[in-house]
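The values are calculated or read from the model by the stated rules, or taken from the named source; none is laboratory data. This is a predicted model, so every value here is computed, not measured. Cβ: placed from backbone, ideal geometry, glycine included. Neighbour counts: every protein chain shown.
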Amino acid sequence: MSTDEILSFDEAMEKYDPVLGFEVHVELNTKTKMFSSAPNVFGDEPNTNVNEVDLGMPGVLPVVNKTAIESSIKIGLALNCTIAESCRFARKNYFYPDTPKNFQTSQYDEPIAYDGYLDIELEDGTVFRVEIERAHMEEDAGKLTHMGGATGRIQGADFSLVDYNRAGVPLVEIVTKPIEGAGSRAPELAKAYVAAIREIVKNLGVSDAKMERGNVRCDANVSLRPHGRERFGIRSETKNVNSLRAVEHAVRYEIQRHAAVLSSGNPVVQETRHWHEDTRTTTSGRPKSDADDYRYFPEPDLVPVVASREWVEELRATLPEPPAERRKRLKADWGYSDLEFRDVVNAGVLDEIEETIAAGASASVARKWWMGEIVGRAKAADVDPGQLGVQAATVVELSRMVEAGKINNKMASQVLDGVLAGEGTPEEIVEKRGLAVVSDDGPLLEAIDAALAAQPDVADKIRAGKVQAIGAIVGGVMKATRGQADAGRVKELILEKLGVTA
Amino acid sequence: MTEQNPTGISAETLIRLSAAQLAEKLAAGEVTAVQATQAYLDRIAAVDGQVNAFLHVNAEEALAVAAEVDAIRAAGGAEAEALHYLAGVPIAVKDLIVTIGQPTTAGSKILEGWHSPYDATVVERLRAAKMPILGKTNLDEFAMGSSTEHSAYGPTRNPWDLDRIPGGSGGGSAAAVAAFEAPLALGTDTGGSIRQPGAVTGTVGVKPTYGSVSRYGAIAMASSLDQIGPVTRTVLDSALLHQVIGGHDPRDSTSLPEPLADLVAAAKTGNVEGLRIGIIKELHGEGYQAGVENRFNDALELLKEAGAEIVEVSCPNFQYALGAYYLIMPSEASSNLAKFDGVRYGLRVLPEDGPMTIERVMGATRAAGFGDEVKRRIILGTYALSAGYYDAYYGSAQKVRTLVQRDFEAAFAQADVLISPTAPTTAFPLGEKLDDPLAMYLNDVATIPANLAGVPGLSLPGGLADEDGLPVGIQLLAPAREDARLYRVGAVLESLLEAKWGGPLLAQAPALGAVSLETQEAK
């Protein structure tokens, strides 16, 4: 697909200094759409969550969703922005069938929030400040599905289908100022920034924040300049990079691609790029110039949004604990070491562990499961741990089964595989796979008798007080029961049988 | 002989009653809503072939609503008590306003055959008042014009002279009311589309304060200028209708939050003593037809005799209003009309050859579906909003708009109500200005400032011009939210003029094919 030359990342870093910029779109989880009373629900039958406003019928008018404004102000406050006392929407005019009015109603020169910052903590604890240019409100477009082509893109398609369920879903677009000085940590910073935004909007409760559903979508701008030069290079904008890992990879790839172009003495083309998860490369989209003419003008069907200072302060008072402070608190509550906690954060399972603890597991058990079992599986499957679909309740159920001696750790791990394979609940899987630890003493006693009879010398040693020799008998029992016996109970029964106290 | 109803009111007389008079007779049981509605439907059948005011006649539904009103009245009790004053009084609706159950075309081929899935707020309110909707009236395509000649469905003719224009864009509504095809109609006014047709047809037309009447369901031309309003034969009727359709609507963000004033009471005040009425220096004299100027002066004389104080005010920035209007209106229209692309509804035209891409289908649809005047304004507006031109055109126009608003503020510091001729001329012959857009645009010079400032305006008949015997309109303007003043002054001036004429001006209109024996028998 891609024939672009790339330089190695190290070589790119030797020669050039990357400058980043991000536009992150956050879909708000309001009950209704930005400008209409149609439901804002993901995943329904196409074109069911629409009314005359969403379809751009003749004569309709937009009405601003107050909850969407509140959510936008909350996002602005969480990003340390100034909230505009009064701001307007504008019309961005362009013809495209996913936009029912052939203009998008969006804020333009009067964003609701501006001039903020966000402190991003990298994996090693380094804190990097990203300046926020603005956060503005807009409406989402419908979803086009191109049919009949090989690539799923409009080029080569026979026809396209359009679903307007998403048309008019409220979005907040968060735009950074150019991010300088990240150097070789640029890809890592990119991932950490988007993760931080996702975490903030989720924490605020204003978005479902599921990247796989497009609730948080990132456009990543990358440009390079030779070390020491102040002027920015020409940027590319990689659109719709929709997982944290992809953000990191896309930024890394674009740095390498730009470096190869520049090294060969050519100029970088200012354009949008498409990200391909399968090849971890980008391909050329459409040329983008600053002169794209959307004929913006103030939306005459809407009155300005006025955010009184009292209202802003009321909203500020409702803001939840910021994620960074929350992390500090959780670390103390859970009693993890610095290293343990950082691993948990870096693995991206903080929420999952918190949920698991809330569902009844101890902090150490929750960490053991997520870090020991689930993160590894997510890596193998090449997805974020949260995307595996493991529920907190499942982890609690598994750990309880182990604690109750119903299954052992090895079996629990097998049960988890079964859960991930969609075989059912842990209990069902234990049942189906016949994994239960044998706790009926009858069959155990039989197996013990057989094992003692098979190894009389060992039995004598134990009787003589060499209790550590018991392993051989236990091993024999476990073998006979194909691992389904509770080793602890087996040990107890052997000692009892031989009249020895441990 | 025309058919007589039991109380002896002929259909001929019935259709000439004002809406208020008809409402009284309906309430008194002297006529039924079905009789009244049928009389209007008969009149439409008899004369609309000549006038072409209606694009669609909604006979069945109108009669059903009328029958429902009659049944409620006949049953008596609380439900009859609760009937709206105008229940059973028929009305025509400009075909720019969407209605369930009837086509809405906006006078354009691009919406031919389209049925709205929803009712405009004003239509919901008409239905709530149980007013039978007679049908949809003709207009310049998307309300773009001053003569109704830009309708894709043929021009409407002026009942005073069938070779002349009925004004525009709401020529259909004005002509329907003037030709006694409806007692009431709804119009929309972006730059004078209610008032100028009112002026040239001898009817009353009101552009309410911007935000006084919900725009939800009025197909937008220029959102910041459009306003729905009444088209009637008397000032009181306009007040009654304004009271039905006005008031806050949560579906229109620009709708005013406060309740409407009592406009009907204002129309019944009956005096103008002590009111200061301001003549706008810039809106009469040069460029105005002599007969128009004469009737304007007569109106001033009558108001003075009635105790009003006539003052002169100056609005120097009005000279730039027309230019600013012809930048703001097409800019907003270019964006508002982008939705007509053949993708979701209305006309779809496929390119005759070449690749079948979405852009080319949109292009072919818009090329075939829009008329020349619409295309002219889309092109103008697209240009005015373009990067690099925005500040010079759209930006400057918005500044002029502010200056016009300030002129009004200054003028209203000196006068309670302003007065001017509604249009510089009487109705011009069909075809005369069709090839000269600028001359056509100039006809709106006196009405446009009110739209730019959002203030309310009312046009009422001022008499006939000496040189051509055609109606002249007098325009009254009030500060925003002071629509009541227009009804107060308008009703007084109307009664003084009618006293002078010995009856309504429309009584002097030439007879059209009157409700004849044949049409009555055909019933």
### Message
Quick check on B:Leu497: is it touching a Leu at 6+ places or on another chain (Cβ under 6 Å) and farther than 19 Å from B:Pro316 by Cβ?
### Response
no
#### Entry: Tally of residues being over 29 Å from the mean Cα position of the chain (by Cα) and not in a loop (DSSP other than H, G, I, E, B) across region A:1-37
4
### Query
Would you pick out the residues in region B:381-400 that are more than 8 Å from chain A (Cβ to nearest Cβ) and among the small types (Gly, Ala, Ser)?
B:Gly381, B:Ala384, B:Gly388, B:Ala392, B:Gly395, B:Ser396, B:Ala397
### Task
Could you check, for region A:73-83, whether at least one of its residues is touching a residue at least 60 places away in the same chain (Cβ under 8 Å), surrounded by 21 or more Cβ atoms within 10 Å (Cβ to Cβ) and under 24 Å from A:Tyr294 (Cα atoms)?
no
### Message
One residue is enough: does region A:51-63 have a residue meeting the conditions more than 10 Å from every other protein chain (Cβ to nearest Cβ) and under 24 Å from the mean Cα position of the chain (by Cα)?
### Response
no
### Query
Within region A:466-487, can you find the residues that are in a helix (DSSP H, G or I) and under 13 Å from A:Ala450 (Cα atoms)?
A:Ala472, A:Ile473, A:Val474, A:Gly475, A:Gly476, A:Val477, A:Met478, A:Lys479, A:Ala480
### Query
Taking B:Ala222, is it within 14 Å of another protein chain (Cβ to nearest Cβ) and not polar (S, T, N, Q)?
yes
### Task
For region B:430-444, enumerate the residues that are buried (at least 17 other Cβ atoms within 10 Å of the Cβ) and part of a loop (DSSP other than H, G, I, E, B).
B:Leu430, B:Lys433, B:Leu434, B:Asn443, B:Asp444
### Message
Please determine whether any residue of region A:144-159 is hydroxyl-bearing (Ser, Thr, Tyr), touching a residue at least 40 places away in the same chain (Cβ under 8 Å) and at negative phi.
### Response
no
#### Entry: Breaking point among (1) out of contact with any strand residue (DSSP E or B) (no Cβ under 9 Å at 6 or more places or on another chain); (2) touching a residue at least 24 places away in the same chain (Cβ under 8 Å); (3) surrounded by fewer than 24 Cβ atoms within 10 Å (Cβ to Cβ), for B:Gln243
(2)
### Query
Which condition number in (1) among the small types (Gly, Ala, Ser); (2) surrounded by 13 or more Cβ atoms within 10 Å (Cβ to Cβ); (3) within 30 Å of the chain's Cα centre (by Cα) is the one that A:Gly335 fails?
(2)
### Message
Being part of a helix (DSSP H, G or I), touching a strand residue (DSSP E or B) at 6+ places or on another chain (Cβ under 7 Å) and either surrounded by 15 or more Cβ atoms within 10 Å (Cβ to Cβ) or not assigned by TED's automatic domain parsing to the domain that holds A:Ala393 (or both): is that true of A:Val490 here?
### Response
no
### Query
Taking the condition over 22 Å from the mean Cα position of the chain (by Cα) and closer than 18 Å to A:Leu416 by Cβ, does A:Val365 pass?
yes
#### Entry: Out of B:Glu332, B:Glu312, sole residue that is surrounded by 16 or more Cβ atoms within 10 Å (Cβ to Cβ) and either out of contact with any Phe, Trp or Tyr (no Cβ under 6 Å at 6 or more places or on another chain) or part of a helix (DSSP H, G or I) (or both)
B:Glu332
### Query
Of all the residues that make up region A:123-141, how many are crowded, with 23+ Cβ neighbours inside 10 Å and outside any strand (DSSP E or B)?
1
#### Entry: Residue match in region A:38-59 (condition: modelled with pLDDT of 95 or more, of a type in the set (Ser, Thr, Tyr) and part of a loop (DSSP other than H, G, I, E, B))
yes
### Task
Name every residue in region A:442-487 that is of a type in the set (Asp, Glu) and exposed (fewer than 14 other Cβ atoms within 10 Å of the Cβ), in order of residue number.
A:Glu446, A:Asp449, A:Asp457, A:Asp460
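Table: residues versus (1) without any contact (Cβ under 8 Å) to a residue 12 or more places away in the chain; (2) more than 14 Å from chain A (Cβ to nearest Cβ); (3) part of a loop (DSSP other than H, G, I, E, B).
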site	(1), (2), (3)
B:Gly107	no, no, yes
B:Leu126	no, yes, no
B:Met131	no, yes, yes
B:Leu134	no, yes, no
B:Ser146	no, yes, yes
### Query
Any idea how many residues of region A:92-122 are assigned to a loop (DSSP other than H, G, I, E, B), in contact (Cβ under 8 Å) with a residue 12 or more places away in the chain and within 14 Å of chain B (Cβ to nearest Cβ)?
10
### Query
Any idea how many residues of region A:275-305 are buried (at least 18 other Cβ atoms within 10 Å of the Cβ) and more than 14 Å from chain B (Cβ to nearest Cβ)?
3
### Task
Among what's in region B:349-370 and is surrounded by 12 or more Cβ atoms within 10 Å (Cβ to Cβ) and not hydrophobic (A, V, I, L, M, F, W, C), pick the residue that is farthest from the other protein chains (Cβ to nearest Cβ).
B:Pro351
### Task
Inspect all residues belonging to region B:313-332 and state whether any of them is touching a strand residue (DSSP E or B) at 6+ places or on another chain (Cβ under 9 Å) and within 14 Å of chain A (Cβ to nearest Cβ).
yes
### Message
Need the failing condition index for A:Pro39 against (1) at positive phi; (2) without any contact (Cβ under 8 Å) to a residue 12 or more places away in the chain; (3) away from chain B (no Cβ under 13 Å), just the number.
### Response
(1)
### Residue count, region B:348-391 (criterion: of a type outside the set (S, T, N, Q) and assigned to a helix (DSSP H, G or I))
24
### Message
Condition first: of a type in the set (Lys, Arg) and over 16 Å from A:Gly168 (Cβ atoms). Now tell me which residues in region A:31-86 satisfy that.
### Response
A:Lys74
### Query
Of B:Gly198, B:Gly187, B:Gly168, B:Gly192, which residue is away from every other protein chain (no Cβ under 14 Å), closer than 23 Å to B:Pro449 by Cβ, surrounded by 24 or more Cβ atoms within 10 Å (Cβ to Cβ) and free of Cβ contacts under 8 Å to residues at least 40 places away in the same chain?
B:Gly168
#### Entry: B:Ala413, sole failed condition from (1) more than 30 Å from B:Glu482 (Cβ to Cβ); (2) in a helix (DSSP H, G or I); (3) more than 13 Å from chain A (Cβ to nearest Cβ); (4) free of Cβ contacts under 8 Å to residues at least 12 places away in the same chain
(1)
### Query
From the list A:Val365, A:Val305, A:Val345, which residue is at pLDDT below 90 and not hydroxyl-bearing (Ser, Thr, Tyr)?
A:Val345
### Task
Report yes if some residue within region B:317-333 is over 25 Å from the mean Cα position of the chain (by Cα) and not aliphatic (A, V, I, L, M); otherwise report no.
yes
